[in-house]
1. If we keep just the residues of the stretch 163-181 that are free of Cβ contacts under 8 Å to residues at least 40 places away in the same chain and not hydroxyl-bearing (Ser, Thr, Tyr), which is least open to solvent (accessible area, probe 1.4 Å)?
2. Contact list please: Cβ distance under 9 Å, first residue in the stretch 62-74 and over 11 Å from LEU51 (Cβ atoms), second residue open to solvent by 80 Å² or more (accessible area, probe 1.4 Å) and small (Gly, Ala, Ser), pairs at least six apart or on different chains.
3. Tell me, which residue of the stretch 89-105 that is at pLDDT 90 or above and more than 14 Å from PHE62 (Cβ to Cβ) is surrounded by the fewest Cβ atoms within 10 Å (Cβ to Cβ)?
4. Can you name the number of the only condition in (1) touching a helix residue (DSSP H, G or I) at 6+ places or on another chain (Cβ under 8 Å); (2) farther than 20 Å from TRP176 by Cβ; (3) surrounded by 13 or more Cβ atoms within 10 Å (Cβ to Cβ); (4) touching a residue at least 24 places away in the same chain (Cβ under 8 Å) that PHE30 fails?
5. Can you confirm whether ASP133 is open to solvent by 20 Å² or more (accessible area, probe 1.4 Å) and at positive phi?
6. Among the residues of the stretch 191-227, write down those that are open to solvent by 50 Å² or more (accessible area, probe 1.4 Å) and in a strand (DSSP E or B).
7. Of a type in the set (A, V, I, L, M) and either closer than 16 Å to TRP204 by Cα or out of contact with any strand residue (DSSP E or B) (no Cβ under 9 Å at 6 or more places or on another chain) (or both): which single residue out of ALA166, ALA130 fits that description?
Amino acid sequence: MSDLSMQAYHADAAIGASTAKLMLKSPQLFHDTRSGLVPREEKASFAIGTLAHMMVLEPEKFARLVTCDGPVNPATGKMYGRETLKFAAFEAENPGITVVEPWLFTMLARMPEEVRELLSGTVAEQSVFAEIDGVAVKCRPDAMRPGVIYDLKTCLDVDNLERDIAKFQYWFSAAWYRQVLHAATGKRPAYVFIFVEKRWPFRWRVATLDAGYNMHGDSVVCDVLGRISECTASNDWADKVPLHVDVSLPNWMEPELEDEDDA
């Protein structure tokens, strides 16, 4: 484990969970991404997630680098728009400072004491490197304590966290991190998700995967590592998919067709 910067971590050639997950969709996409052919996608949600992570896991750094007090227009009493000259002048006078919306501070204020207790004493953003079946791998858990990995996720609705785990394949990341830690330390840690809503009322939930979900994740990760080894050895990254598929009428269209006939 090491205290590498985020930039140094991403620059290392070892494979992380996000890149490995691309193998589930396309070996060619995985290879092109690693080769630098696929541009890195920047989404507003990524920026929100990064700030939320810093706020919760590194509050001292957040207090030093982030503020919600930007330049205020005296005529309206509201902050100048981010595209205005006044805002640009404020940024020039305060290099390295990020101005965020007040709701991000509200999110932190509404974190329940149980979650604060859960994260107290953890170590944030440690880079872990290992080798599994000849493949150089890495991970960078949000927070850790001996025997436990904590993964902070922002979401729209904590009532749908099970759907988010499936939709965004968070189960894969959990299995990847656990296997990398096992390879690096000889111990397989528990994995705990902490979901926080990024809109009102900013509710929080703590979630863990059951044994069946963890077994499925471990199986898929092992399969992906095996496919990476095979493709690397053969230098064949072509997608092994059929070029022709038969498309049938989906069930969800039938009621619509019936309604149209009735009309």
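1. ASP164
2. Partner pairs satisfying both residue conditions: none exist.
3. Applying the filter and picking the extreme gives PRO95.
4. (2)
5. yes
6. Matches in the stretch 191-227: ARG205, VAL206.
7. None of the other options fit; the residue is ALA166.
The values are calculated or read from the model by the stated rules, or taken from the named source; none is laboratory data. From a predicted model like this one, the values you see are computed outputs, not experimental measurements. Please note: Cβ atoms are built from the backbone with ideal geometry, for glycine as well, and neighbour counts cover all protein chains shown. Heavy atoms of the whole protein, side chains included, go into the accessibility calculation; ligands, DNA and RNA do not. Shrake-Rupley method; radii C 1.70, N 1.55, O 1.52, S 1.80 Å.
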